[in-house]
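K.L.:
What follows is a single structure, and I will ask about it in a moment.
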Amino acid sequence: MALMRCDFFSDVLEVSTSMTVILPQATQQQIGMTGTAATAERGEPAPPVLYLLHGLSDDDTVWTRRTSIERYVADLGIAVVMPRVERSFYHDEAHGQRFWTFLTEELPAVVHSFFKVSQRPEDTFVAGLSMGGYGAMRWALTHPDRFAAAASLSGVLDPAEPGLLEARGDLYDTVFDSRPVDGTDSDPLHLLRVLGRRGSDDGVAPGSRGLPTLYVACGTEDGLLAGNERFLAEADRLGIPVTRDLSPGEHEWGLWDAQIQDVLRWLPITGRD
C-alpha cells in the first residue's frame, strides 16, 4: 500500500487543508504483508474508493493512528480517502466555512484529479464514526446515486434528539445557527422519509429504491445508541434494509477498530470472491 498525507488548497474553504490517502499496491516481496491492485487483478481502469470520515475531536490522520486501516485494506484493492473537516459536522457552517460543499463537490473532484481511482457509483463507498457516521449517512442519503454502500459507526443519526446538540452551545450555533434540525436536510431521519416517499410515489417496491447498501453499528453502552435505534426503526418502517450491529461496547476506538474490519468485509466490492 501507498500511504500519503496530501496538503492542498481548497477553493471552497479558501484555505489550505489536508487529506490522508491510502492507495492499493500489488506487492510480492514485502514481508508480513500482501497487496492487491485493482487494475492488475480485475482489469478495471481504476480501483474502488472508500471515503472514510473522522469524528468531532479528530482529523484526517486519526484512522491511521487509532486502527490498522492500511493493513486491513491491503488485499482489497481499494483506495481510502480520509479528509479533514474540523468540527464542522460535515456542514456548510452557519458562521464558518462551507465544509458540506467541500466534502460533496470539491473533494471528489480533487481526488479524481490527483489519483487514479474509480468514479463509478458502484465502486464508491462512504463510512465514518460518530460525527463522521452522521456525515457518511447524510452524504449517502442526500446523494444516493453516488454510492454503492454507506456505513455509520456510532453515528449521530438522530441529531434532533432533545438536548444532543444544544449541549454543545458554541458548536450548535457555529454549525446550525442554533436552529432545530428536525425535518430538515440536516436530519438523517428526514432524509430516510424523503427517500421512502419518493419510492412510494414512483411505485417502487420497498427496499428497491436505488439506495446504497446501508450499515449501522453502535455499542449498546454508547450514549448515541437511542438515536441509532430510532434510525433503524424508521428504516424498518419504510422497508429500507439496513445491516446492523448493535453489540456490547462504548464510544471508543477498541470497538471501532473491530467494526471497521466488519464494514470492509461487508462492502460490495466488485469482483470480490
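K.L.:
Checking the condition assigned to a helix (DSSP H, G or I) and in contact with a strand residue (DSSP E or B) (Cβ under 9 Å, 6 or more places away or on another chain), which residue from ALA127, ALA150, ALA140 passes?
P.N.:
Being assigned to a helix (DSSP H, G or I) and in contact with a strand residue (DSSP E or B) (Cβ under 9 Å, 6 or more places away or on another chain) holds for just one of ALA127, ALA150, ALA140, which is ALA140.
K.L.:
Sticking with this one: Output the number of residues of region 1-29 satisfying the condition of being closer than 17 Å to ARG71 by Cβ and in a strand (DSSP E or B).
P.N.:
Qualifying residue count, region 1-29: 8.
K.L.:
Now a separate question. So, in region 245-273, of the ones that are farther than 16 Å from VAL126 by Cα and among the charged types (D, E, K, R), which residue ends up modelled with the lowest pLDDT?
P.N.:
So, considering only residues that are farther than 16 Å from VAL126 by Cα and among the charged types (D, E, K, R), the one modelled with the lowest pLDDT is ASP273.
K.L.:
Do you know which residues across region 159-175 are loosely packed, with under 13 Cβ neighbours inside 10 Å and farther than 18 Å from ALA226 by Cβ?
P.N.:
Answer for region 159-175, where residues must be loosely packed, with under 13 Cβ neighbours inside 10 Å and farther than 18 Å from ALA226 by Cβ: GLY169, ASP170.
K.L.:
With respect to SER178, determine if the residue is on the phi > 0 side of the Ramachandran plot, in contact with a helix residue (DSSP H, G or I) (Cβ under 6 Å, 6 or more places away or on another chain) and either surrounded by fewer than 16 Cβ atoms within 10 Å (Cβ to Cβ) or touching a residue at least 24 places away in the same chain (Cβ under 8 Å) (or both).
P.N.:
Yes: the conditions hold for SER178.
K.L.:
Pick from LEU232, LEU171, LEU211, LEU164: which is within 20 Å of the chain's Cα centre (by Cα), in contact (Cβ under 8 Å) with a residue 40 or more places away in the chain and at negative phi?
P.N.:
LEU211
K.L.:
Given the conditions (1) surrounded by 23 or more Cβ atoms within 10 Å (Cβ to Cβ); (2) more than 18 Å from PRO48 (Cβ to Cβ), report the number of the one that PHE125 does not fulfil.
P.N.:
The failed condition is (2).
K.L.:
Same structure, new question: Return yes when GLY43 is modelled with pLDDT under 95, of a type outside the set (Asp, Glu) and either in contact with a Pro (Cβ under 6 Å, 6 or more places away or on another chain) or surrounded by fewer than 16 Cβ atoms within 10 Å (Cβ to Cβ) (or both) and no when it is not.
P.N.:
The answer is yes for GLY43.
K.L.:
Do we have HIS112 as modelled with pLDDT of 95 or more and either more than 19 Å from ILE260 (Cβ to Cβ) or surrounded by fewer than 14 Cβ atoms within 10 Å (Cβ to Cβ) (or both) here?
P.N.:
So HIS112 fits the description; yes.
The values are calculated or read from the model by the stated rules, or taken from the named source; none is laboratory data. Please read all numbers here as calculations on a predicted model, not as lab measurements. Cβ coordinates were reconstructed from backbone atoms using ideal geometry, including for glycine residues, and neighbour counts include every protein chain displayed.
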